[in-house]
1. I need the full set of residues from segment 244-267 which are surrounded by 15 or more Cβ atoms within 10 Å (Cβ to Cβ) and within 24 Å of Ala187 (Cβ to Cβ), in order please.
2. With the requirement that a residue be under 22 Å from Ala37 (Cα atoms) and part of a strand (DSSP E or B), what does segment 144-158 give you?
3. Step by step: first the residues of segment 156-175, then only those that are among the basic types (Lys, Arg) and either over 21 Å from Gly118 (Cβ atoms) or crowded, with 21+ Cβ neighbours inside 10 Å (or both), then the one that is modelled with the lowest pLDDT. Which residue is that?
4. Mind checking which residues of segment 176-190 are under 20 Å from Arg16 (Cβ atoms) and surrounded by 16 or more Cβ atoms within 10 Å (Cβ to Cβ)?
5. Identify, by number, the condition in (1) touching an Asp or Glu at 6+ places or on another chain (Cβ under 6 Å); (2) buried (at least 16 other Cβ atoms within 10 Å of the Cβ) that Gly112 doesn't meet.
6. Out of the strands (runs of 3 or more DSSP E) lying entirely within segment 31-143, which hold 1 or more residues that are in contact with a Cys (Cβ under 6 Å, 6 or more places away or on another chain)?
7. Filter segment 92-106 down to the residues that are surrounded by fewer than 17 Cβ atoms within 10 Å (Cβ to Cβ) and of a type outside the set (Gly, Ala, Ser), then identify the one that is farthest from Phe40 (Cα to Cα).
8. What are the pairs, 6+ residues apart or on separate chains, where a residue within segment 219-241 that is over 15 Å from Ser206 (Cα atoms) has its Cβ under 9 Å from a residue that is in a helix (DSSP H, G or I) and of a type outside the set (Ser, Thr, Tyr)?
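The values are calculated or read from the model by the stated rules, or taken from the named source; none is laboratory data. The structure presented is a predicted model; accordingly, all values stated were derived computationally and were not measured. Methodologically, a virtual Cβ is constructed for each residue, glycine included, from the backbone with ideal geometry; neighbour enumeration extends over all protein chains shown.
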Amino acid sequence: YRDLPVRLAEFGAVYRYEQSGEVSGLVRARGFTQDDAHIFCTPQQLPDEIGGCVELSQFVLRALGLNEYRVRIGLRDAEGKYIGSHEAWTRAEAAVTAAVKASGMQYTSEAGEATFYGPKIDFVVKDCLGREWQLGTVQVDYNLPERFDLKYVGDDNREHRPIMVHRTLFGSLERFLGILIEHFAGAFPLWLAPVQATICTVSEKSAAYARETYRLCAEVALRTELDDSSERIGAKIRRATLMKVPYILVVGEQEAANQTINVRTREGRQLG
């Protein structure tokens, strides 16, 4: 019992033969990568472990800018057949509900939505079209410890059955990326944008200074593209704006002479 909880995690390849009519780009594929974690703990440790999973899930979603989500608690109903004792289920459902309440998140409790092996918490995210997608989940499992005959020796020197918690933060990495792209509609925050800035030359006379600016940006790991084509500056700015590049750096003769750059955002704000 002194070694518990034990927490294990991996990124695993998952394959499902989805029906052809259900396959949809990144959000529903026949092959995807799942962030899979399993926690083995004592009944006394269960509330803290569930609380930690909920807190981590919140942190990940908010860090990535996905603030439009809801929490769904899946509980058993009177009709279903479930693994585990009534007392164990009651404790687990109370722990799951208490962890979500403590987080301050809005949630719904849905009877009959539990798995046969334990209650669960689902994080449901909306995309830019208002569609809901389940991403992360936290599930309590009484079945697999029983099936694999898992045991630990408690402080009473007797053998006990551990409780298992399944936890995924993203569910499917591919689905998560698809929803993230839809959520931002291509206008990613600076840290996430594939190209963070585009350097646009006004004329050939400022090309050398633009190339030096590009080199300096690369040295500080700024993901930058250089547009030194012969097109007019308006066309270059428009192209970068349509690509939703966060910052457009305009370099002309005056900037080259003063060793400065003209910065504007994809929204058209002039920063100087």
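1. Lys244, Val245, Pro246, Tyr247, Ile248, Leu249, Val250, Val251, Ile261, Asn262, Arg264, Arg266
2. Matches in segment 144-158: Tyr152 only.
3. Only one residue tops the list, namely Arg175.
4. Residues satisfying the conditions are Phe176, Gly178, Ile179.
5. (2)
6. Values: elements: 31-41, 69-75, 107-111, 120-126, 132-141.
Because the criterion is at least 1 residues that are in contact with a Cys (Cβ under 6 Å, 6 or more places away or on another chain), the strands (runs of 3 or more DSSP E) in segment 31-143 that meet it are 132-141.
7. Across segment 92-106, the extreme among qualifying residues is Gln106.
8. Leu222/Leu216; Arg223/Cys217; Thr224/Cys217; Thr224/Ala218; Glu225/Ala240
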